[in-house]
Each structure stands twice: as structure tokens, then as C-alpha cells.
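J.: If you scroll down you'll find the structure; I have some questions about it.
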Amino acid sequence: MTPFALRMSRIKPSPASLLRGQAQALRAAGRDIIALTSGDLDFPTPDHVIAAAHAAMLRGDTKYSTVDGTATMKAAVRAKFQRENDLEYGPDEVVVANGSTQIIFNAFFATVAAGDEVIVPTPSWAPYLDQVRLADGTPVTVPCSPKHGFKLQPEDLEAAITARTRWVVINSPTNPTGAVYGRAELAGLAAVLLRHPSVWILADDLYEHIVFDGRRCTTIAAVEPRLKVRTLTVNGVAKTYAMMGWHIGYAGGPAALIQEMVKIQSQTTSAASTVGQAAALAALTGPQDLVAERAAALAARRDAFVARLNHSPGLSCALPEGTFYVFVSCAGVIGKRVPDGRVIETDRDVAAYLLDAADTAVVPGEDCGLSPYFRGSFALPAERLAEVGARIERACAALRDR
């Protein structure tokens, strides 16, 4: 008899976390692995944010806070939503948690029952699917074609909605493709959702400030205010302020939903760290100039890296509109032979070959819901990014036809 709950057979560890561990083990063994698998930025957390955390510790802000967040942090979240997203929330309509991942889990766990469906446009961030499964729900993946910029189309959303649909996930900018939904595109999806009043909308905006070429993110509850009463707008400080390890996420949504999410949080992790909340408060209320400066730096890295990838035999990559990921077609290397004679048959084989031959770790597209692709991060220093681009190009050039 297995000692584990049946639900554990429905999920697997995060692919990116497994690859991160593999890369670390290889580094410990002496190999110079360049990992493009992580959602980490190489920028430091801003000095004033660190100073705020230090000051909080010195003044004794090291006790428990209320489960949904400190009053000052919640006020900063409300001000952020109004200032940047044109969304107004009351104190009982916002929650602070241990990262945006926990926010999403709490929302699904509070609302999804056996037989319920959650629509996830793919390619996607893999944990959406397993979080739905942990809640006994069924993830319904809707393929988003490269010809549409990997964005969900209104007609495909309409076709996917059933009487069992509980949520639709809209992630913009999108991990892993970097797609950014414009106002007109969100309005098209909103028109569909207005016809289905029992469906919740999860707007995952975590990468909202990492956008390029003059774009500006918007969110669906601002585009169509009639949807605000059933939209959970999710965000956090991780990507905007290079605060990945601080694990502070937040969300705005209907008070009744927030109340149930807080109830779950009270029985799992309880409140987020008070020191982390003090740091996040400083990030949200402090100077914002660094945000645009870092996005511009990432845009320059994107341009150089994509150019190098497109110079690699068999690879093809469009410029991502946002995030710090490239989603690379490797269709041109499928069927090629590696120097020892093995045939590359899948994008998982491509990832294994790049790790073996180029000391480069990437996420197979299969783990994101679309093959043959792989995802790589360009949030590396420029010189390191140039080195990994050269490695990938050499590895691709070494492949041979059957």
C-alpha cells in the first residue's frame, strides 16, 4: 500500500526547479554550466529596499503580521493598483502572500472542486496545470499558435468554455513566450467572458514592467471593468524589483474570494515575512526609475541573444515582446545526429544535447506545453550571454544530417 495521497500521483515537481538543481550539481562537479532555466534576474535588489528590510529588523518588526499582510503593505498594494493599473480595491479586497505562486494556489484551492475545469492557454508556465490538479480540477489547455504570437484567440476561448469551466488564466506578459496582450486583444477576450458570467478570470501580471519596444501592459479588469467582480489580478515584487528570493506576492480581487484565500493561507504558511513585507513596501513606494532602466538593459540583451540564436543552424526565434525569456523553435535540428551518432528526436533531446555538448541548461518546450521548442532566460550579464550564445551556435553547427 502506498503511503502517499492519490493526489501526489497527479503532479510532478516544477521542471525549472529540477533543472536548476541539476545545473547546480554539475557545477559542484566542476563543470561551467550556464543555466538559462531560472526565472532569476541577475540584477541586485535595490539598495533602498535592502535598507528598509534592515531598518525593519532593527526596530523589531520581526513578529507575526495579520495573515493577509501588514496594514502599510496592503495600503501600498492598493495605491500601486490604482496608480499603475487604474484599479481601485478596498482593504478587504487585497492580500499579501509568500509569492505569487501561493496566491494562485490559494485561489484555485478555494474555488476548484472535482470535475471543475481551468482553461490555461499554452505554451504556459507549468505549475498552473499541477496546481489545478492539486485542487482536484482538470486543466484544459488551449494551444496558442505562433502565427498569432502565442496569444489566446477569442474564438478558441469560446470553444473551450463549458458548463464546468471555473477559471480562465490570462498571463501577460507570458511565461514562456514573452507575448504581451494589447488592449484590443484583451477586449476581444473580455467580450467572450462577458457572455459566461460564472467563469472567474486569473490575470497573472507578474512580468508587467518587463516589456519592450514602447509597449505598456494593461490588465483585463481595467480594460473591461464589468469583469472586475470576478477577476483576481495577481502580481508581486519578484520580477519588477529583482526580489525573487524575498517571496512577496499580492493580489486584488472580490472580497469574498480574498476572504477564502486568506482562510487557506492561515492554515498553511500563515502571513508573509514581516521583513519581506517591509522590503516590498519600500519597493512599491520608493523611486521607480530603476524599473525602466533595467527593462531597457534587458531589451539590449534580448536583441543580441536572439540575433545569435537565429544564426545557429536549425534554430529560429522571434523577438519576445516582454519578460526575459526566449522561446526558441528547434524544429530545424530534430532528426539531426549528434557527433556520437545519436539522433535528436524531441526538444527534450535538444535540451539534453545542449547540456552535454555546450554546458548549457534550457527548459524543453514539452514542459511548457509546445514542441519542438525550448525556453531560455536572457537575464544574464552581457558577456555571459555572449558566451552561451556562442556555445549554442557551436553545438548546433556540430550536428549532422542522418
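J.: Segment 133-208: Rg/Rh from Cα coordinates, Kirkwood Rh?
T.: With Rh from the inverse mean 1/r over Cα pairs, Rg/Rh is 0.94.
J.: Oh, and also: Just name one of Ala51, Val95, Gln22: the one whose Cα is farthest towards the positive end of the charge dipole of segment 1-119 (beta-carbon charges, Lys/Arg +1, Asp/Glu -1).
T.: It is Gln22.
J.: Excluding ligands and nucleic acids, what accessible area in Å² is computed for Asp47 using a 1.4 Å probe, to the nearest 10?
T.: Looks like 130 Å² after rounding.
J.: At a 10 angstrom cut-off on C-beta neighbours, averaged per residue, how do the peptides 170-179, 339-348, 144-153, 252-261 rank from highest to lowest?
T.: 170-179, 252-261, 144-153, 339-348
J.: Also, quick follow-up: What ratio of Cα Rg to 2.2 N^0.38 Å holds for segment 1-95?
T.: Taking N as the residue count of segment 1-95, the ratio is 1.66.
J.: Let me ask something else. With springs only between Cα atoms under 10 Å apart, run a GNM on the chain and tell me which of His48, His247, His209 wobbles the most.
T.: Highest fluctuation of the listed residues: His48.
J.: Let me ask something additional. Of Lys74/Lys263; Lys74/Lys239; Lys74/Lys228, which pairs sit farther than 24 Å apart, going by alpha carbon to alpha carbon?
T.: Pairs exceeding 24 Å: none.
J.: Further question: How many percent of all Cα-Cα pairs in the chain sit more than 34 Å apart?
T.: For the chain, the fraction of Cα-Cα distances above 34 Å is 30 percent.
J.: By average Cβ neighbour count within 10 Å, what is the ranking of 351-361, 288-298 from highest down?
T.: 351-361, 288-298
J.: Sequence neighbours fewer than 8 away in the same chain don't count; with that in mind, list the aspartates and glutamates whose C-alpha is under 17 Å from Lys12.
T.: Within reach: Asp130, Asp136, Glu366, Asp367.
J.: Could you compute the FRET efficiency for Arg195 and Ile11, with r as their C-beta to C-beta distance and R0 at 45 Å, rounded to 0.05?
T.: According to the calculation, E is roughly 0.90.
J.: Of the options Ala352, His148, Val118, report the single residue whose Cα projects farthest towards the positive end of the charge dipole of the chain (beta-carbon charges: Lys, Arg +1; Asp, Glu -1).
T.: Ala352
J.: Find the accessible area per residue for the chain; the probe is 1.4 Å, ligands and nucleic acids are left out, and the unit is Å².
T.: Roughly 42 Å² per residue, with all protein chains present.
J.: I would also like to ask the following. When only DSSP loop residues count, what GluC sites (Glu not before Pro) in segment 68-151 have their Cβ near at most 13 other Cβ atoms within 10 Å?
T.: Glu88
J.: To the nearest 10 square angstrom, how much accessible area does Asp86 have with a 1.4 angstrom probe?
T.: 130
J.: Per 0.36 nm of contour for each residue apart, how much would the distance between Ala304 and Leu319 grow if the chain were fully extended, relative to their Cα-Cα spacing?
T.: Once the chain is fully extended between Ala304 and Leu319, it gains 4.4 nm.
J.: Ok, one more. Compute the signed sum of charges (Lys and Arg +1, Asp and Glu -1) over the other residues within less than 11 Å, Cβ to Cβ, of Val234.
T.: Value of the local net charge: -3.
J.: If I compute solvent accessible area with a 1.4 Å probe over the protein chains, what percent of it on segment 1-107 is carbon and sulfur?
T.: Reported share for carbon and sulfur atoms: 59 percent.
J.: While we're here: With charges only on Cβ, +1 for K and R and -1 for D and E, what is the dipole size of the chain about its Cα centre, in debye, rounded to 20?
T.: Roughly 360 debye for the chain.
J.: Output the peptides 108-114, 96-102 sorted from most to least packed, where packing is the average of other Cβ atoms within 10 Å over each peptide's residues.
T.: 96-102, 108-114
J.: Modelling each spin label as a point 7 Å along the Cα-to-Cβ direction, I'd like the Ala397/Ala75 distance in nm, to one decimal.
T.: Result for the modelled spin labels: 6.0 nm.
The values are calculated or read from the model by the stated rules, or taken from the named source; none is laboratory data. On a predicted model such as this, the values are computed, not experimentally measured, just so you know. Every residue, glycine as well, gets a Cβ built from its backbone with ideal geometry; the counts of neighbours run over all protein chains shown. Ligands, DNA and RNA are excluded from the accessible area calculation, which covers all protein heavy atoms including side chains. Shrake-Rupley method; radii C 1.70, N 1.55, O 1.52, S 1.80 Å.
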